[in-house]
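First comes the structure, then the notes that go with it.
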Amino acid sequence: MKENSLKMFLFLSEILGRRVLDARGEVVGKVVDMKARLGELFPKINFLCLKARGARNPFLINWEDVQTINENIIKLKEKSIEKTSPVETEQMEILLAKEILDKQVVDTLGAKVERVNDVHLLSSEGELRIVHVDIGLRGILRRLRWTRWVDAITNWLFAYQVKDKLISVKHIQPVASDPERKTLKLTVTLRKLSEIHPSDLADILEELDKHERKAVFESLDVETAAETLEEVDPKVGIALIESEAEPVASDILEEMAPDEAVDLLLSLPEEKKEKLIQEMDKDVREKLRELLKFSEGTAGSIMTVEYLSLPQDRTVKEAMEQFKGSTDPLETTSYIYLTDEGEKLTGVATLRQLILNPPEKKLFELMNKDIVKLNINDDVDEVAHSFKKYKFMALPVVDDENHLKGIITLRDAVDAAFPEFQD
């Protein structure tokens with residue numbers, strides 16, 4: 001409100017549809033939207049978007065021309081009104097009703113997706129600014145004009161009133177630029193997206209529509225994007241990788257666990273798959289090509305090549321140094337697999353054995369020679385049976401000549417045997 005108004009706060013839903021009168025009391029039009037300029041902590045409204053009766057297109061009125069906002073009408077100042085048409089937004093401008101209402105907000109504190117139901121505004125010193133977005137039920141009731149009778153019922157029955165659920169606009173920012181201005185993509189920045197567990201990020205992505213999902217995914221760093229792709233629904237993961245530029249998609253796939261990356265690559269068209277592989281570093285490219293050779297449903301197709309392995313004549317000290325230098329998850333580094341000069345599997349040592357033995361001791365002196373192992377051609381049912389029987393976190397995979405080719409983790413074995421439980 002401008003002059004002589006006691007009400008300092010109002011909602012966008014309360015302004016939409018109001019009649020706008022000029023200084024003579026003649027109707028200029030009805031409010032259909034409001035335009036704000038971004039860049040400030042609390043963005044300022046700079047235009048009203050009006051539509052006159054019978055007119056096809058809306059037009060803009062500068063906020064500076066507004067005299068007062070009363071219950072049902074907005075009154076303009078005495079000077080001649082300058083109309084701007086058509087309604088367009090520049091790079092740092094936004095239409096509240098069109099580009100904020102009903103858009104999804106990623107609540108990174110609660111790791112979930114919310115929807116903007118209303119916009120909370122503050123009138124101060126002749127200016128109108130955005131201060132909150134309302135993501136609660138009351139915002140919906142307000143837009144439907146149901147708040148009065150719903151309050152009456154809840155107060156009568158429960159002595160309770162539905163509350164506003166507001167998020168400060170200072171915690172909201174675009175996830176990614178949208179040059180085509182098709183939709184506003186917002187995120188609550190109470191926590192960085194990279195700080196959310198990948199499983200929660202995967203849930204968020206699955207709830208968003210494809211445009212907003214792409215925007216959120218593109219805002220992630222490569223490592224976080226890779227971890228999230230390992231958790232997301234395979235169909236969503238394929239769509240995200242296909243939507244990325246090939247160099248970026250290759251970087252993300254390189255960061256993924258090799259077996260997870262292979263699962264995605266196998267779902268892509270052959271030409272796309274080859275282009276992505278060609279973009280990768282040589283070492284990663286060779287690992288993935290090796291994994292792609294194995295038939296689907298075999299141990300070779302679900303194994304990972306990220307594991308700890310050393311020649312059996314190395315010392316405990318050397319093994320510990322390799323363990324300390326690894327960034328792989330614990331499930332792939334709990335065991336150290338030992339080989340002979342011909343790269344054949346001869347034994348396995350546990351982290352516990354390394355800790356309890358002196359640094360100078362040779363690995364072949366403490367290794368377990370009675371090894372439970374899988375063949376690259378074993379089917380997933382045999383893999384699952386071995387894990388159920390022996391209760392290991394991971395099992396080595398060898399070829400017919402006993403050469404160590406990779407390992408399978410318990411999680412990958414379960415996912416392969418029971419794909420319905422992956423979601």
Give me the angle, in degrees from 0 to 90, between the Cα long axis of helix 380-390 and the longest principal axis of the Cα atoms of the chain, rounded to the nearest 10. 70
Between LEU38 and ASP233, Cβ-based FRET efficiency (R0 30 Å, step 0.05) works out to 0.35
Binned at 10 Å from 0, what are the whole-percent values of the Cα-Cα distance distribution for the chain, short to long? 4, 17, 21, 17, 13, 11, 9, 6, 2, 0
Picking from LYS361, LYS324, LYS170, which is most flexible by a Gaussian network model of the chain using Cα springs under 10 Å? LYS324
How big is the C-alpha Rg of region 311-374 next to the rule-of-thumb value 2.2 N^0.38 Å, as a ratio? 1.04
Simple spin-label model, 7 Å along Cα-to-Cβ: ASP281 to SER168 in nm? 4.2
How big is the Rg/Rh ratio for region 193-293, C-alpha atoms only, Rh by Kirkwood, two decimals? 0.95
Kindly express, to the nearest 10 degrees and within the range 0 to 90, the angle between helix 147-158's C-alpha long axis and the longest C-alpha principal axis of the chain. 60
Between PHE364 and TRP156, what length comes free when the chain is fully extended (0.36 nm per residue of separation minus the Cα-Cα distance, one decimal in nm)? 67.0 nm
Taking 1 over the mean of 1/r across every pair of different Cα atoms in region 6-72, what Kirkwood radius in Å do you get? 12.9
Determine, for LEU137, LEU12, the number of other Cβ atoms within 10 Å of each Cβ, and report the residues in order from fewest to most. LEU137, LEU12
With r defined as the distance between the Cβ atoms of ALA55 and LYS77 and R0 fixed at 25 Å, what FRET efficiency is calculated, to the nearest 0.05? 0.70
Descending packing, highest mean Cβ count within 10 Å first, for 395-404, 277-286, 338-347 is 395-404, 338-347, 277-286
Would you kindly state how much longer the chain becomes between LEU122 and VAL222 on full extension, computed as 0.36 nm times their sequence separation minus their alpha carbon distance, in nm to one decimal? 32.1 nm
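How large is the direction-averaged shadow of the alpha-carbon convex hull of region 287-343, in nm²?
4.8
For the chain, what's the relative contact order in percent, using C-alpha pairs closer than 8 Å and at least 6 residues apart?
Details: 754 pairs, mean separation 39.7, N = 423.
Computed value for the chain: 9 percent relative contact order.
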Here, ILE371 and ARG115, labelled 7 Å along Cα→Cβ, have an inter-label distance in nm of 5.6
In percent, what relative contact order does region 308-421 have, based on Cα pairs under 8 Å that are 6 or more apart in sequence? 24
Kindly express, to the nearest 10 degrees and within the range 0 to 90, the angle between helix 246-255's C-alpha long axis and the longest C-alpha principal axis of the chain. 50
Name the most mobile residue of GLU114, GLU321, GLU290, meaning the one with the largest mean-square fluctuation, in a Gaussian network model of the chain with Cα contacts below 10 Å. GLU321
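Among bridges DSSP assigns within region 313-415, what percent are antiparallel (round to 5)?
85
Per the helix-only calculation at 222 nm, which mean residue ellipticity applies to the chain, given -39500 (n - 2.57) for every DSSP H run of n ≥ 4 and division by its residues, nearest 500 deg cm²/dmol?
Estimated from H runs of four or more residues: -9500 deg cm²/dmol.
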Quick one: order PHE42, PHE217 by neighbouring beta-carbon count within 10 Å, fewest to most. PHE42, PHE217
Exposure proxy ranking, count of Cβ atoms within 10 Å, fewest first, for TRP149, TRP63: TRP149, TRP63
Using the Kirkwood formula on alpha carbons, the hydrodynamic radius of region 308-421 in angstrom works out to 14.6
Counting only backbone N atoms under 19 Å from a point 7 Å out along Cα-to-Cβ of SER295, the residues of region 357-397 in range are 374-385, 397
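FYI, it's all coordinate maths here, none of it is from the lab. Here the structure is a predicted model, which means the values were calculated and not measured. So basically every Cβ, Gly included, is an ideal-geometry build from the backbone, and we count neighbours across all protein chains shown.
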